[in-house]
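Input: a single structure, listed below in structure tokens.
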Amino acid sequence: MDAKTLCLGLLSFGNASGYDLKKHVESAGDHFFASGFGSIYPALSSLTKQGLIEPIGKSIRGRQDRKVYRITATGRSELIRLLSVIEPRHLLRSDLFALLYFAHLVTPERITQIIDDRLAAMNAANAAATIDPATPLKHPNPANAQFVAGLKTALFDTTIKYFRENRGLLVP
């Protein structure tokens, strides 16, 4: 999903600043957004120029004023159109996969470190795989968010189990 569609989708939950959108994506465990968070602000600018969202004022949180946006009726229609035509690909491209494919060229100590680091990172991400209730955006259907968080947990659980049971293929 591209940054513009993601922003439209999140703004369908309620009004938010770019910072709020970024925090929501972080709290969602980054389930569906491969681009950098820096692409959120250019997406908001583009969506505003297209009339799909509009600024409605500023929110003061901490020491910064933040521009708050809302989705327009045209934006909601465009989001629905996009969601009806998006090809739901599930791409898995991984520097980790590439490195492990060439593990025979890397020291066993480095492979062990990489596996241990990835296991720790997946365990940490797995523990944080729920939507933060403190986020300013409230999902209109919590079951959807729960399903996605559960799917990510299941994928991590399976990956962690595979690493533990098969690491001997890489490090004797």
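Brief remarks follow.
- Peptides ranked, highest mean first, by Cβ atoms within 10 Å: ranges 138-150, 41-53: 41-53, 138-150
- Legend: ranking of residues 4, 22, 152 from fewest to most surrounding C-beta atoms inside 10 Å; resulting order 22, 152, 4.
- Residue-normalised convex hull volume from the C-alpha trace of segment 95-169: 102 Å³ per residue.
The numbers here are math on the coordinates, done by the rules we state, and not lab data. These numbers were taken from a predicted model, which means no experiment stands behind them. We place every Cβ from the backbone using ideal geometry, glycine too, and count neighbours over all the protein chains shown.
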